[in-house]
Amino acid sequence: TTMAAVISEATLDLRQQPARLTVTVDAHNSPLDQQLRAATVIADPELEAVWEELNPSGFIDAQGIEVTWVPGTSPQIVLPSVRLERGTVELSSFPFPWDNVTADLSWRDGRAHLKRAEGRHNNTSVTIEGQGPDDPAFFELAERERFNWRLHLPKITVRRLDPGDEFAAALPVDAASVLRNLDPRGPLDAELGVEIAGFPDDQWGEVVTSA
């Protein structure tokens with residue numbers, strides 16, 4: 001097993017006021033655990049929404065992570081290249097767990113750009129292509145008056161899907177009702193696009209919609 005390695009460098013620029021602190025980090029085979037979650041959320045509290053929606057685990061290689069902080073402002077985080085391996089993901093809005101996940105993504109200005117992802121659920125495989133210039137795949141955070149977050153996956157390829165009770169239970173109620181009325185028999189192959197968003201709600205705190 002390859003050991004985890006983290007290399008970091010910090011620079012404090014005092015040539016202008018207020019001063020600017022820049023920390024760069026390269027990480028290899030680092031676990032996505034509670035310790036990393038706490039560190040990223042302290043650096044940027046908005047990232048808590050990403051952890052809560054994706055519930056990821058696994059190991060990452062990340063090159064050129066940059067955290068910039070100026071006193072009196074929130075830290076700015078840029079992750080130009082992140083690769084997830086041996087991962088698991090289970091969306092809070094679609095609780096259908098995926099394992100053996102690999103993914104390549106980046107993060108800047110409140111948006112994660114997904115280049116490609118693959119995963120499995122029992123005999124079902126899924127591939128997400130995210131590099132289309134006209135319609136890229138992304139997860140983004142936004143202003144409260146619009147939506148809390150949005151997940152946009154325009155090209156998903158699914159192979160050998162069992163559309164039974166486990167899959168139906170993960171769907172929104174209306175979609176699950178339609179699926180049960182259609183009563184499809186698997187395994188199924190499909191290509192589709194999905195958009196899921198969480199909107200602020202005075203009564204429930206947040207309402208999740210999908211399309």
Looking at Leu114, Leu171, Leu179, can you tell me which residue is open to solvent by 20 Å² or more (accessible area, probe 1.4 Å) and in contact with a helix residue (DSSP H, G or I) (Cβ under 6 Å, 6 or more places away or on another chain)? Leu179
Can you list the strands (runs of 3 or more DSSP E) found entirely within the stretch 100-211 that contain at least 1 residues being at pLDDT below 90? 111-121, 137-141, 149-161, 188-201, 205-210
Glu85 fails exactly one of the following numbered conditions: (1) in contact with a helix residue (DSSP H, G or I) (Cβ under 7 Å, 6 or more places away or on another chain); (2) within 27 Å of Ile196 (Cα to Cα). What is the number of that condition? (1)
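Conditions tested, residue by residue: (1) among the β-branched types (Val, Ile, Thr); (2) within 25 Å of Arg111 (Cβ to Cβ).
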{"residue": "Met3", "(1), (2)": "no, no"}
{"residue": "Ser8", "(1), (2)": "no, yes"}
{"residue": "Leu12", "(1), (2)": "no, no"}
{"residue": "Ala19", "(1), (2)": "no, no"}
{"residue": "Val23", "(1), (2)": "yes, yes"}
{"residue": "Asn29", "(1), (2)": "no, no"}
{"residue": "Thr40", "(1), (2)": "yes, yes"}
{"residue": "Glu46", "(1), (2)": "no, yes"}
{"residue": "Trp51", "(1), (2)": "no, yes"}
For Phe139, indicate whether it is in contact with a helix residue (DSSP H, G or I) (Cβ under 6 Å, 6 or more places away or on another chain), touching a residue at least 24 places away in the same chain (Cβ under 8 Å) and surrounded by 14 or more Cβ atoms within 10 Å (Cβ to Cβ). no
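If you go through the stretch 142-168 one residue at a time, how many are aromatic (Phe, Trp, Tyr), touching a helix residue (DSSP H, G or I) at 6+ places or on another chain (Cβ under 8 Å) and open to solvent by less than 30 Å² (accessible area, probe 1.4 Å)?
First, pick out the residues of the stretch 142-168 that are aromatic (Phe, Trp, Tyr): 147, 149, 167.
Those still in the list that are touching a helix residue (DSSP H, G or I) at 6+ places or on another chain (Cβ under 8 Å) too: 149, 167.
Those still in the list that are open to solvent by less than 30 Å² (accessible area, probe 1.4 Å) too: 149.
So the count comes out to 1.
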Within the stretch 40-93, the count of residues that are over 30 Å from Ala19 (Cβ atoms) and of a type in the set (Ser, Thr, Tyr) comes to 4
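The values are calculated or read from the model by the stated rules, or taken from the named source; none is laboratory data. What you see is a predicted model; the values in this text were computed from it and never measured. We place every Cβ from the backbone using ideal geometry, glycine too, and count neighbours over all the protein chains shown. Only protein heavy atoms, including side chains, enter the accessible area calculation; ligands, DNA and RNA are left aside. Shrake-Rupley method; radii C 1.70, N 1.55, O 1.52, S 1.80 Å.
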